[in-house]
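Asks: Quick one: this structure, given as structure tokens, is what I'll be asking you about.
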Amino acid sequence: MPAYAIAHLREAVPHPEIAEYIERITATFEPYGGRFLVHATQHEVKEGSWPGHVVVIGFPGIAEARAWWDSPAYREIAPLRSRHIEGDIILVEGVPEGYDPTATAKAMREAPACRVAFGLGRAQRQARRQAEVGVG
């Protein structure tokens, strides 16, 4: 199953160490089957806010993504970025080929806690919303 390293990086003042990091990063993830999927591209914010940039590196699996992140080669260059750019970075496993989200929805509906949230609690939430807007 594919996996991804996803970074939400904030704006930064250009610095020679950032350029060095960019020059060297590909050599750190290629041995693990990694490749850039998103890098140095514009994004459109559709909801909320997303200041900065997004970077996505794809890997064959989560084991490879973790091995890259923990590798001596990456750990050596990571400070070149982290000293100059604030951000959030996650590793996340993708979904398998043919993934069907309706199975997840069905499991949610069948879970006892969700029956309350989607069932009995709905009438209470609707009544509260109507009271808040003065309907009813």
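The values are calculated or read from the model by the stated rules, or taken from the named source; none is laboratory data. As the structure is a prediction and not an experimental result, all values here were calculated from the model. In this analysis, Cβ positions are derived from the backbone assuming ideal geometry, glycine residues included, and neighbour counts consider all displayed protein chains. In case anyone asks, the SASA skips ligands and DNA or RNA and just uses the protein heavy atoms, side chains included. Shrake-Rupley method; radii C 1.70, N 1.55, O 1.52, S 1.80 Å.
Asks: Check Val92 against each of (1) modelled with pLDDT under 95; (2) assigned to a strand (DSSP E or B); (3) of a type outside the set (D, E, K, R) and name the one condition it does not meet.
Replies: (1)
Asks: Look through the stretch 77-89, keep the residues that are in a loop (DSSP other than H, G, I, E, B) and out of contact with any helix residue (DSSP H, G or I) (no Cβ under 6 Å at 6 or more places or on another chain), and return whichever of them is least open to solvent (accessible area, probe 1.4 Å). Walk me through it before giving the result.
Replies: Of all residues in the stretch 77-89, those in a loop (DSSP other than H, G, I, E, B) come to 83-86.
Those left that are additionally out of contact with any helix residue (DSSP H, G or I) (no Cβ under 6 Å at 6 or more places or on another chain): 83, 85-86.
Working: Arg83: 138, Ile85: 25, Glu86: 144 Å².
Out of the qualifying residues, it is Ile85.
Asks: Still on this structure, I have one more. Hey, any hits in the stretch 104-112 for a residue that's over 30 Å from Gly61 (Cβ atoms) and either modelled with pLDDT under 60 or loosely packed, with under 10 Cβ neighbours inside 10 Å (or both)? Spell out how you get there, then give the answer.
Replies: Of all residues in the stretch 104-112, those over 30 Å from Gly61 (Cβ atoms) come to 109, 112.
Next cut, either modelled with pLDDT under 60 or loosely packed, with under 10 Cβ neighbours inside 10 Å (or both) only: 112.
Yes, some residue in the stretch 104-112 is over 30 Å from Gly61 (Cβ atoms) and either modelled with pLDDT under 60 or loosely packed, with under 10 Cβ neighbours inside 10 Å (or both).
Asks: Moving on to the next point. Only residues that are part of a helix (DSSP H, G or I) and loosely packed, with under 13 Cβ neighbours inside 10 Å: list them for the stretch 12-27, please.
Replies: Selection gives Pro16, Ala19, Glu23, Ala27.
Asks: Please indicate, with yes or no, whether at least one residue in the stretch 35-52 is under 15 Å from the mean Cα position of the chain (by Cα), in contact (Cβ under 8 Å) with a residue 40 or more places away in the chain and surrounded by 13 or more Cβ atoms within 10 Å (Cβ to Cβ).
Replies: Yes, the stretch 35-52 has at least one match.
Asks: Among what's in the stretch 62-71 and is touching a residue at least 60 places away in the same chain (Cβ under 8 Å) and open to solvent by less than 10 Å² (accessible area, probe 1.4 Å), pick the residue that is nearest to the chain's Cα centre (by Cα).
Replies: Per the criteria, the residue is Ala65.
Asks: Being hydroxyl-bearing (Ser, Thr, Tyr) and open to solvent by less than 90 Å² (accessible area, probe 1.4 Å) narrows it down to one of Tyr74, Tyr99, so name that one.
Replies: Just one listed residue meets the conditions, Tyr74.
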